[in-house]
Amino acid sequence: MKRRHWGLVASFVLLVVVPLMAVGFYLFAISKDQYSSTVAFTVRQEEGGGASELLGGLASFAGTSVGSDSDVLYEFIQSQQMARRVQAQLDLKTHYTQYWEEDPVFSIWPDASIEELVWFWQRVVRISYDQSTELIEVQVLAFDPEMAQRIAQAIVRESQKVINSLNEAARADAMRYAEADLEEAVARLKVAREAMTRFRTRTQIVDPEADIQGRMGVVNNLQQQLAEALIELDLLQESTSPSDPRVTQARRRIEVIRDRIHKERENFASGRDSLNSQGEDYPTLIAEYENLVVDREFAEQTYTAALAALDVARANAQRQSRYLASYIEPTLAETSQFPQRWMILGLTFLLTLLSWSILVLVYYSIRDRR
C-alpha cells in the first residue's frame, strides 16, 4: 500500500461510504412513511343514438371529436389550477408541512408560495398517460392513507368538472353555429322564393314548362286539324269540280290553319303574345326559370340540413356526451411503500460509485501525463 493507495481508500470512504451511510440513516431513521393511492380513468364519449342515428351524417355538424380531452386532463392535473383547487379543499400545506422540521426532504416548507406548491405537487402526484389508449393513471403520495385517498378523489372530481366545462363549451358552440347556419339558410331561401315571385309577376307565367306544354298542345291540335282539312280537300277534288264552292272553302280553311300555326310558332319564339307582356322569347325565359328553380331547390335543401343540424345539436345538448370513466377507483393503502428506501439507497450507491470512479480515472490520467 502506497500513499496514493491510501488516498484512494480515503476518497472512497469519503465520497461513497459516508454519503451512503448518511442517506441510509436518513431514510431508515428520519424519513416518515408515505402511503399511496392510485386512481385510473379515461375520457369516454357517449355512443350516438336516437336523433343522431335517424339523421345519419348530419350529426357530424354538431361536433363529436374528443381526441384531445385526455391530453387536456393530463396537463390540467399537473397545473397550478389543480393544485390551487385541491389546496382550497384539503389544505395541502398543513398536511405536507407537518413533518418539515423532522423530515425536510420529503416535506414542503410552511411558507411555500403557490409556485413552490405546484413544484411539490408534481413530486407527490405522479401521473402516467398512454396516448395510444388515452388511459390516465395517477398515484398520490401522502403521510397517511386517508389523505392520499382524499386527494385522489379530489383529482377525479376536478377532472370531471373540466370535462363538464368542455361539454358545455362544445354544446354552446354547436348550438351557436347551428343557429347561425339556420339563419343563413332561411335568408337564402327567402331570397330564392322572392326571386321566383318576381319572375312570375314580371312574366305573368306561373310555370313556363306547363305554359309551353299548353302552347305545344295548341300547335299539335292545329296540325291535326290541318291534316284533316287536307284529307277533306283531297276527297272533294276527287268528287267535285275545282270551281265547287266547297273546294274553295276547304282551301281557305287550310290557309287559315297554316297561318295560325305559323303565328303560334312565331309567338313561341319571340314571346309576342298576351300572356308575356315583356315580349321575351321562351328560350330565355326557360333558362332564367331553370336557374331560379335550381337556386330555390338548393336553398330548400340547405334549410332542411340546417334545421336537422339544429335538432341534433339541441338533442346532444340535453345529454352528457363526454364523461370520465374510472376503471380504478381511488385506493386506500394498508401499508407504507414510500419512500422506496432500498431503491433510493441503491441509486445513491451507484451514483456515488460512478462519481468516485470518474474522479479516480481523472486523477490517474493527470498523474500519467506528468
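Between Ala88 and Lys2, the distance separating the two model label sites (each 7 Å from Cα on the Cα→Cβ line) works out to 7.0 nm. Note on Lys32: lysines with a C-alpha under 27 Å away, same-chain residues under 8 apart excluded, are Lys93.
First select every other residue whose beta carbon is under 14 angstrom from the beta carbon of Gln224; then total the charges, Lys and Arg +1, Asp and Glu -1. Result for the neighbourhood of Gln224: 0. Identify which of Asn316, Asn220, Asn167 has the largest mean-square fluctuation in a Gaussian network model of the chain, with springs joining Cα atoms closer than 10 Å. Maximum fluctuation in the GNM of the chain, among the listed residues, is at Asn220.
Computed from backbone phi, the HN-Hα couplings of the range 152-163 come to 4, 5, 5, 4, 5, 4, 5, 5, 5, 5, 5, 4 Hz, rounded to whole numbers (Karplus: 6.51 cos²θ - 1.76 cosθ + 1.60, θ = phi - 60°; Gly and Pro given as x). Sorting Glu116, Glu334, Glu179 from the fewest to the most surrounding beta carbons within 10 angstrom yields Glu334, Glu116, Glu179.
Taking the centroid of alpha carbons for each part, the range 82-117 and the range 295-370 are 23 Å apart. Shape class of the range 127-175 from the alpha-carbon gyration tensor: oblate, with a/c at 1.5 or above and b/c at least as large as a/b. With the helix formula -39500 (n - 2.57) applied to DSSP H stretches of n ≥ 4, the chain reaches a computed 222 nm mean residue ellipticity of -22500 deg cm²/dmol. Note: relative contact order over the chain, using C-alpha pairs below 8 Å and six or more positions apart, is 35 percent.
Distances between placed amide hydrogens fall under 5 Å for Ile108 paired with Thr97, all partners being 5 or more residues away or on another chain.
Residue order for Thr335, Thr203, Thr197, fewest other beta carbons within 10 angstrom first, comes to Thr335, Thr197, Thr203.
Of all the options Pro110, Pro330, Pro242, the one that moves most in a Gaussian network model of the chain with Cα springs shorter than 10 angstrom is Pro242.
Each reported figure results from applying straightforward, stated rules to the coordinates on display, with no laboratory input. Since we're looking at a predicted model, the values are computed, not measured. Glycine gets a Cβ as well: all are built from the backbone with ideal geometry, and neighbour counts include every protein chain shown.
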